[in-house]
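Participant: Sending over a structure as structure tokens; questions will come in a sec.
Throughout, read-outs are computed from the coordinates displayed, never taken from laboratory work. In this text, all values refer to a predicted model and were calculated from it rather than measured experimentally. All Cβ positions, even for glycine, are placed from backbone atoms using ideal geometry, and neighbour counts span all protein chains on display.
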Amino acid sequence: MRLIFVYNADSGKRNAYLDSVHKIVSPSTYNCSLCELTYGFFSEKKTWKRFRKQENVAMDFYHKDEFIKEFKSKWLPKYTFPIILLENGGELKIFLSSEKLNKIETVESLVKTIKKGLTPH
């Protein structure tokens, strides 16, 4: 089992720079809530980094262009990004949709939501 995090941003240094500038200049129009929750203007948030290192679940992180290239298939659903997927036994399921991610306001709330979703019921 692993979580697959897909940011609504493209890979590359140029894109990372433009995203950082966008967050500073016009944060209300920035379109990646997962980026906003897990990263500050220039680096990963400490709370998020600590969670990633301490949580006992495999995690992979992709920019949307990397994800589409890696998982390209005619059977791959059209996902809305950002998104967190759960991969188990080769099957992908939505763990947190972009709609749910957009409603989360803090990195602490994101961590709590992920932990709750991973807890067996």
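Participant: How would you rank 50-63, 82-95, highest first, on the average number of other Cβ atoms within 10 Å across their residues?
Facilitator: So the peptides 50-63, 82-95, ranked by packing, come out 82-95, 50-63.
Participant: Could you tally the net charge around ILE83, taking each other residue with its Cβ under 10 Å from the Cβ of ILE83, Lys/Arg +1 and Asp/Glu -1?
Facilitator: So the environment of ILE83 carries a net charge of +1.
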